[in-house]
1. Going residue by residue through region 38-49, is there one that turns out to be within 15 Å of the ligand (Cβ to nearest atom), over 20 Å from Asp142 (Cβ atoms), polar (S, T, N, Q) and not in a loop (DSSP other than H, G, I, E, B)?
2. Inspect all residues belonging to region 68-88 and state whether any of them is surrounded by 14 or more Cβ atoms within 10 Å (Cβ to Cβ), of a type in the set (Phe, Trp, Tyr) and under 23 Å from Arg171 (Cα atoms).
3. Can you name every residue in region 15-36 that is part of a helix (DSSP H, G or I) and out of contact with any helix residue (DSSP H, G or I) (no Cβ under 7 Å at 6 or more places or on another chain)?
4. Give the residues of region 189-212 that are surrounded by fewer than 21 Cβ atoms within 10 Å (Cβ to Cβ) and among the β-branched types (Val, Ile, Thr), sorted by residue number.
5. Ser254 - would you say it is touching a helix residue (DSSP H, G or I) at 6+ places or on another chain (Cβ under 6 Å) and among the hydroxyl-bearing types (Ser, Thr, Tyr)?
6. Looking at the structure I just gave you, is Ser186 out of contact with any helix residue (DSSP H, G or I) (no Cβ under 6 Å at 6 or more places or on another chain), hydroxyl-bearing (Ser, Thr, Tyr) and surrounded by fewer than 19 Cβ atoms within 10 Å (Cβ to Cβ)?
7. Name every residue in region 24-36 that is near the ligand (Cβ under 10 Å from one of its atoms) and in contact (Cβ under 8 Å) with a residue 40 or more places away in the chain, in order of residue number.
8. Restricting to region 171-190, name every residue that is of a type in the set (D, E, K, R) and in a loop (DSSP other than H, G, I, E, B).
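The values are calculated or read from the model by the stated rules, or taken from the named source; none is laboratory data. Note that the coordinates shown come from a computational prediction; the quantities given were computed from them, not determined experimentally. Neighbour counts run over all protein chains shown; Cβ positions are idealised from the backbone, glycine included.
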Amino acid sequence: MRIVESVGEMKTLLKSANQSEQTIGFVATMGFLHDGHISLVEQAKSENDLVVMSIFVNPLQFGPNEDFDRYPRNFERDSKLAKEAGVDVLFYPATSEMYPSEQTVTVSVQSGTNVLCGQSRPGHFDGVATVVLKLFNIIEPDRVYFGMKDAQQVAVIEQMVLNFNLPIEVRRCETVREEDGLAKSSRNVNLAPEERKQAVAIYESLTEAVAMITDGECDPDRIKSFIQDQLLTKTDGVIDYIEVLSYPELKEISEIEGEIIIAIALKFAKARLIDNVTLTV
Ligand code: AMP
């Protein structure tokens, strides 16, 4: 596995991949790797000649009072895990390499950001879209792999690829979970032991909500209040949002039908957890 820290070196490497007509699969991450990230690499490996992973904690997508400084980092461990997973090129740029001067031109996401994480993290998806577009331009992948754990991010990236005519296929990848159902996340290490136990209620309530819908419930408000009751009784977390929306449009719905997302964000003392399920009714 080659570790590349500069955009210039990445471009040189790419040239030879392009000359030999190798396809490139790309997995963008912020590091502190877990099985969720590795599952993206596995899917990328099965569909491409070369797999590039990036590790970059992007300051542009964190708000002033968010966890940029507290975000867990361990490059030595990550590079070992990436190598074991079969990553061919690990792109690990410094902030000064990605943003050598002020980023005065940015991507502005116009739709689907007034809900879910977009509402509670203003500017977050502009920061995500901007860094992802930069990474796409640096790496020039054929296919990119994004986890449905961040379903709103998937919707934004798909729309960006469409709107900017990027010659890239976006692959939606399933959420990988702990044995008890908690979605794997780099932020889980910031949970206190008691919070970790309580966090199980997030996926449990999503699963029960899906069962209610399968049994015929079609009122989004009843689903939301059911989940709210569950989280309030089973956790000490603070509810950031509980939403039932159309997917990938992320529009409010008065009745549950078609492709929908049920999404939760729950704040514990040092970790804000998100999870969701999408289903077609
Ligand atoms: P992050 O490092 O959190 O920015 O995540 C990098 C990529 O991994 C994103 O496409 C995430 O959606 C994806 N990802 C994060 N957690 C999981 C998970 N538990 N299962 C599948 N994909 C995930």
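1. No, there is no match, as no residue in region 38-49 is within 15 Å of the ligand (Cβ to nearest atom), over 20 Å from Asp142 (Cβ atoms), polar (S, T, N, Q) and not in a loop (DSSP other than H, G, I, E, B).
2. No, there is no match, as no residue in region 68-88 is surrounded by 14 or more Cβ atoms within 10 Å (Cβ to Cβ), of a type in the set (Phe, Trp, Tyr) and under 23 Å from Arg171 (Cα atoms).
3. Lys15, Ser16, Ala17, Asn18, Gln19, Asp35
4. Val189, Val200, Thr207, Val210, listed by residue number.
5. Values: touching a helix residue (DSSP H, G or I) at 6+ places or on another chain (Cβ under 6 Å): no; among the hydroxyl-bearing types (Ser, Thr, Tyr): yes.
Answer is no for this residue.
6. Working: out of contact with any helix residue (DSSP H, G or I) (no Cβ under 6 Å at 6 or more places or on another chain): yes; hydroxyl-bearing (Ser, Thr, Tyr): yes; surrounded by fewer than 19 Cβ atoms within 10 Å (Cβ to Cβ): no.
It is false that Ser186 is out of contact with any helix residue (DSSP H, G or I) (no Cβ under 6 Å at 6 or more places or on another chain), hydroxyl-bearing (Ser, Thr, Tyr) and surrounded by fewer than 19 Cβ atoms within 10 Å (Cβ to Cβ).
7. Narrowing region 24-36 to residues near the ligand (Cβ under 10 Å from one of its atoms): 27-36.
Val27, Ala28, Met30, Gly31, Phe32, Leu33, His34, Asp35, Gly36 - these are the residues of region 24-36 that are near the ligand (Cβ under 10 Å from one of its atoms) and in contact (Cβ under 8 Å) with a residue 40 or more places away in the chain.
8. Answer for region 171-190, where residues must be of a type in the set (D, E, K, R) and in a loop (DSSP other than H, G, I, E, B): Glu174, Glu178, Glu179, Asp180, Lys184.
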